[in-house]
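Chemist: I'd like to ask you about the structure that follows.
Values in this text are rule-based calculations from the coordinates and carry no lab data. Every value quoted in this text rests on a predicted model; they were computed, and no experiment measured them. A quick note on method: Cβ atoms are made from the backbone with ideal geometry, for glycine too, and the neighbour counts reach across all protein chains shown.
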Amino acid sequence: MDGTIEEVFAKAKKENKNVFIIIGNSECGNCSGFRKMLDSQSRTARILERDYICYNADASDNRQKDIARITKCPSYPFPYFFDKEGNLLAFGFPKSKEYDIRDLDRIGIDEYIFREIFRLPISTQRYKQLVSLNMQAFLLMKGGGERRGARDSAYQLARRSLDIAVYPYNIYLSHTLGGPGTVTQLMRPVYTPSDKSTYKGMLDTIPLQENNLAGQYKGSDSTAFVFNKSNQDCGVIKQGTDYTFSFEFTNTGKKDLQIAKADHPCTCIELQWPRDPVKPGATNVIKGVFHAGEKGKFKKEIYVHPASPDIPMKIVTLTGIVS
């Protein structure tokens, strides 16, 4: 259907259906391809028609952008399943060729990939709670107009979400509903490339603390780690050769630190990381080899994942030129 997000959920309540949303972009070829794929799968199409209000949200349209802001949608197309009250039931893709939605527990995203593309220090389950609270707050705000009770309830939902993770939309919502001074103790979030488009201008007039990468998420105050440098310039590397590198880090927390994984999305980089816990105050290294393939300038991000999703993932970067 067409319309706004609040109109979609109003219709879902009226017809006692769930809501299926594809967040996309009018210029996204993959988005139209994904919709055609869904239409071609008769079983999936029947379930969507019978049980869901279906909504294609164009994130480039300001009238439809709210859902991308609420979900912190990192790429397109991205599918979301909600119940009629605004609770996020599932998001992502199944581990099969067919987009089978008979069992929503099969719809999801790998935990490490989630942290890499959404840049939130929480699990996917906690993300569902985060989005649910802010969706319900948004619907209350839109549906309640200027009624004090509705706005107060919406504000409490938005504030509760801040205890899960701080991101641009719940900062904006808490400020809008609670008034000046309600979020001044929070750090101004660091935007990902997709955030810059999604939240452009949203927080510009809200007084926040200046960026502090260590403090923007609550996480655990007893487990933390820092790299002595976050970027390594490899200089000029000859095509077809291997470049060995390492990034040293220190456990600055009070508990043992377990690194679960170091990751890069392509096979041009092979990584090694410590398998044993790193003691408080101790240092260790992430080691790797870069296989110099395609000529030209490069910038390679490496994601370092602590075992606990409550501890923010760290990103270190390799830059240089392959000649």
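Chemist: Once the convex hull of the C-alpha atoms of the chain is built, how many Å³ does it hold per residue, rounded to a whole number?
Modeler: Details: hull volume 49.7 nm³, N = 323.
Expressed per residue, the convex hull around the Cα atoms of the chain is 154 Å³.
Chemist: Another question, then. How much mean residue ellipticity at 222 nm does the chain get from its helices, if each DSSP H run of length 4 or more adds -39500 (n - 2.57) and you divide by all residues, to the nearest 500 deg cm²/dmol?
Modeler: Numbers: 9 runs with 100 residues, N = 323.
So the helix-based figure for the chain works out to -9500 deg cm²/dmol.
Chemist: If the chain between Arg147 and Ile321 were fully stretched, how many nm would it gain, using 0.36 nm times the residue separation less the Cα-Cα distance? Please list the in-between numbers first.
Modeler: Details: separation 174, 0.36 × 174 = 62.64 nm, distance 5.90 nm.
Stretched fully, the Arg147-Ile321 segment lengthens by 56.7 nm.
Chemist: On full extension of the chain, what length is gained from Lys295 through Gln272, given 0.36 nm per residue of separation minus the C-alpha to C-alpha distance? The partial results should precede the final answer.
Modeler: Numbers: separation 23, 0.36 × 23 = 8.28 nm, distance 2.50 nm.
Between Lys295 and Gln272, full extension yields an extra 5.8 nm.
Chemist: Give me the count of lysine pairs in segment 225-322 whose alpha carbons sit under 15 angstrom apart, restricted to pairs 8 or more positions apart or on different chains.
Modeler: 12
Chemist: Taking H placed 1.01 Å from N in the peptide plane, check which residues at least 5 places from Ile53 or on another chain put their amide H under 5 Å from its amide H.
Modeler: Asn18, Val19, Phe20
Chemist: Right, here's the next one. If I take R0 = 25 Å and measure r between the Cβ atoms of Ile113 and Gln41 in this structure, what FRET efficiency does the formula 1/(1 + (r/R0)^6) give, to the nearest 0.05? Provide the component values of the computation, followed by the final result.
Modeler: Numbers: r = 24 Å, r/R0 = 0.95.
Efficiency at R0 = 25 Å is approximately 0.60.
Chemist: Using the alpha carbons of segment 93-156, what is the convex hull volume per residue in cubic angstrom, as a whole number? Before the final figure, lay out each step's value.
Modeler: Details: hull volume 7.6 nm³, N = 64.
Residue-normalised Cα hull volume stands at 119 Å³.
Chemist: Lys and Arg at +1, Asp and Glu at -1: add these up for the other residues within a Cβ distance under 11 Å of Ser123 and post the number.
Modeler: On the way: positive: Arg115, Arg126, Lys128; negative: Glu111, Asp310.
Residues close to Ser123 contribute a combined charge of +1.
Chemist: Using unit Cβ charges (K, R positive; D, E negative) and no other charged atoms, how large, in debye to the nearest 20, is the dipole of the chain about its Cα centre?
Modeler: It works out to roughly 200 debye.
Chemist: Putting +1 on Lys and Arg Cβ atoms and -1 on Asp and Glu Cβ atoms, find which of Gly240, Ile286, Leu186 reaches farthest to the positive end of the dipole of segment 164-288.
Modeler: The listed residue farthest towards the positive side: Leu186.
Chemist: Distance from a point 7 Å along Cα→Cβ of Gln239 to each backbone N in segment 308-322: keep the residues under 14 Å and list them by number.
Modeler: 321-322
Chemist: Count charges around Thr319 for me, please; just the other residues with Cβ under 11 Å from its Cβ, Lys/Arg as +1, Asp/Glu as -1. Write out the running numbers ahead of the final one.
Modeler: Details: positive: Lys297, Lys299, Lys300; negative: Asp233, Glu301.
Net charge around Thr319: +1.
Chemist: Between Cys234 and residues 5 or more places away or on another chain, which pairs have amide H atoms under 5 Å apart, with H built 1.01 Å from N, and which residues are they?
Modeler: Sorted by chain and number, the residues that satisfy this are Thr319, Gly320.
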